[in-house]
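Encoded as structure tokens, here's the structure I'll be asking about.
The values are calculated or read from the model by the stated rules, or taken from the named source; none is laboratory data. Since this is a predicted model, take the numbers as computed values, not measurements. Here the Cβ positions follow ideal geometry from the backbone for every residue, glycine too, while neighbour counts run over all protein chains shown. The area values use the complete protein model at the heavy-atom level, side chains included, leaving out ligands, DNA and RNA. Shrake-Rupley method; radii C 1.70, N 1.55, O 1.52, S 1.80 Å.
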There are 2 protein chains.
Amino acid sequence: VADSEKARRPGGRSARVRAAVHKAVMDLVAERGYGNFAVGDVATRAGVADSSIYRRWGSLEELITDVAITWLTRTSPIPDTGDLDSDLRAYAAGVARDISGPDGLAVLRLVIALSNAGASGEQARDRFLAERGRQLQGMLDRAEDRGEHPPEALDVLDHILAPLYVRVLFGYGPVTPDHVDSLVDRLVHRPGRKSAARR
Amino acid sequence: VADSEKARRPGGRSARVRAAVHKAVMDLVAERGYGNFAVGDVATRAGVADSSIYRRWGSLEELITDVAITWLTRTSPIPDTGDLDSDLRAYAAGVARDISGPDGLAVLRLVIALSNAGASGEQARDRFLAERGRQLQGMLDRAEDRGEHPPEALDVLDHILAPLYVRVLFGYGPVTPDHVDSLVDRLVHRPGRKSAARR
């Protein structure tokens, strides 16, 4: 009977387990921080067996990465406004909002935690960044398809994402809407107005 | 007799204590990492009283900051080649070398540890960054005095330091001599050659 019920609702139980496990990870990250809980803690809280988690995700690092990508994709989707300039401004404003908000440097802390978690951690980190990079590349590809001239994805990361992260982390300069706009101006409309006026 | 000896060599004992305490901190950071030792551990290893450390440095965070600035100023002095372009290239190459070397992200880890250490930690972090920023500003001021047109210090941090740190931290792109040069080109000779060719 249980088997035929499963057959009638494919993915039903599986989706519930996934939701319960994701929620358990989010709660544990909020309460204890990355690196301070194990697969067993997640399993207990989600009401599933450790083996279910290992079978589905392989390792704690892969599980945390799945949760983080799902969360980031939902809360901070890569923009698709139909216009490169607007997409870049929305992307930059989103990064600025994420790292200035209450969860602040959650992604950065995750990346650092994964980087310090040995080979499986680095693998998970690379998967996380590859997935987010794929989303960003999609935004740039759509601009190219519209006949616009997008920057390289690496340049977006170097000159929009990196300065915002490091400003918040080091506290060496404010992250204001003006600053965010100036980063986009610099990337898209080079030479920047300021520099052109100075020379 | 001891007092008259001190009077004859002012700073002698003080300098020895400072060196012993600095060495103890460096050793403890290497062995245990930031955040995993207390003033008492430093004092024991350096052979001085806890009270001597508190009297001189005020807090563990201020002591660690003093050690880090001294170490960074000695191992990675801000360049002074007599030419802005060379100074910026040497600065960028130095950051790239520091974060790719065995001590890797030591400064970043320190900043993160201080940022998580409450008000005294943040104060120490700000002092650390202000001192390093002062050294960098000096480099740009020397260029201005020679009649060159230096970028703002914040732009150097946003577009040279930040991308290098975040590339190493996130592992999203290589830190090669070509990349380092392209960051300086972009900052100094805008628009960059690549972008000019593309438009």
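Select from region B:78-101 the residues that are without any contact (Cβ under 8 Å) to a residue 60 or more places away in the chain, part of a helix (DSSP H, G or I) and open to solvent by 20 Å² or more (accessible area, probe 1.4 Å) and list them in ascending order.
Listed by number, the residues that qualify are B:Ser86, B:Ala90, B:Arg97, B:Asp98.
Also, quick follow-up: From (1) more than 11 Å from chain B (Cβ to nearest Cβ); (2) modelled with pLDDT of 95 or more, pick out the condition that doesn't hold for A:Glu131.
Failing condition for A:Glu131: (2).
Related question: Identify all residues within region A:109-127 that are more than 9 Å from chain B (Cβ to nearest Cβ) and open to solvent by less than 70 Å² (accessible area, probe 1.4 Å); write none if there are none.
Once the filter is applied, which keeps residues that are more than 9 Å from chain B (Cβ to nearest Cβ) and open to solvent by less than 70 Å² (accessible area, probe 1.4 Å), region A:109-127 yields A:Leu110, A:Ala113, A:Leu114, A:Ala117, A:Gly118, A:Ser120, A:Gly121, A:Ala124.
Here are some conditions: (1) buried (at least 16 other Cβ atoms within 10 Å of the Cβ); (2) not in a helix (DSSP H, G or I). A:Gly104 meets all but one. Which one does it not meet?
Evaluating A:Gly104 over (1) buried (at least 16 other Cβ atoms within 10 Å of the Cβ); (2) not in a helix (DSSP H, G or I) leaves (1) as the failure.
Still on this model: Scan region B:32-46 and report the pairs whose first residue is open to solvent by 20 Å² or more (accessible area, probe 1.4 Å) and of a type in the set (S, T, N, Q) and whose second residue is at pLDDT below 95 and assigned to a helix (DSSP H, G or I), with Cβ atoms within less than 6 Å and a gap of 6+ or a chain change.
From residues that are open to solvent by 20 Å² or more (accessible area, probe 1.4 Å) and of a type in the set (S, T, N, Q), there are no pairs.
Mind listing just one residue for me: the one in region A:145-182 that is more than 18 Å from A:Ser100 (Cα to Cα) and not in a helix (DSSP H, G or I) and, of those, nearest to the other protein chains (Cβ to nearest Cβ)?
Per the stated criteria, the residue is A:His149.
Out of the residues in region B:47-59 that are in a helix (DSSP H, G or I) and open to solvent by less than 60 Å² (accessible area, probe 1.4 Å), which is nearest to B:Gly104 (Cα to Cα)?
Of region B:47-59, the ones in a helix (DSSP H, G or I) are B:50-57.
Next cut, open to solvent by less than 60 Å² (accessible area, probe 1.4 Å) only: B:52-53, B:57.
Details: B:Ser52: 31, B:Ile53: 28, B:Trp57: 26 Å.
By that ranking, first place goes to B:Trp57.
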